[in-house]
Amino acid sequence: VFIVDKEKFTIGKRAGSDAQITFNSAVSRHHCDIIYKDMKYFVVDMGSSNGTFINGARLVPKTPKEIHSGDIMRLANSDFKVEIREEF
């Protein structure tokens with residue numbers, strides 16, 4: 001579970017990430033960002049080696065993709081369900 005509580009939220013295995021993933025070596029050091037802008041959430045793949053996927057579709061690196069509750073976000077080979085509760 002990741003609780004996004006800022007406008008730019010980093011995910012990766014690097015120490016200092018807002019959400020540090022240590023259980024999966026296929027996740028890149030700075031895998032992706034979640035951005036909150038104009039009351040919407042977006043995920044941006046940061047050029048990860050094994051990709052970021054939304055509902056099975058691989059994201060184009062550095063290109064924001066809007067995410068919604070119920071979406072499945074895959075980082076490399078780990079799946080996460082998106083649940084948007086309210087604005088932070």
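Nothing in this text is a laboratory measurement; each read-out follows from the coordinates by a stated rule. For clarity, every value in this text was computed on a predicted model and none was experimentally measured. Virtual Cβ from ideal backbone geometry, glycine too; neighbours counted across all protein chains shown.
One table, with the values for the structure above:
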item	result
Selection count where residues are in contact with a Cys (Cβ under 6 Å, 6 or more places away or on another chain) and surrounded by fewer than 17 Cβ atoms within 10 Å (Cβ to Cβ), scope segment 47-72	0
Count - residues of segment 55-88 that are of a type in the set (Val, Ile, Thr) and closer than 15 Å to Phe2 by Cβ	4
Residue in segment 11-30 that is within 14 Å of Arg74 (Cβ to Cβ) and surrounded by fewer than 19 Cβ atoms within 10 Å (Cβ to Cβ) present	yes
Every residue from segment 20-75 that is part of a strand (DSSP E or B), within 12 Å of the chain's Cα centre (by Cα) and aliphatic (A, V, I, L, M)	Ile34, Ile35, Val43, Val44, Ile54, Ile67, Ile72, Met73, Leu75
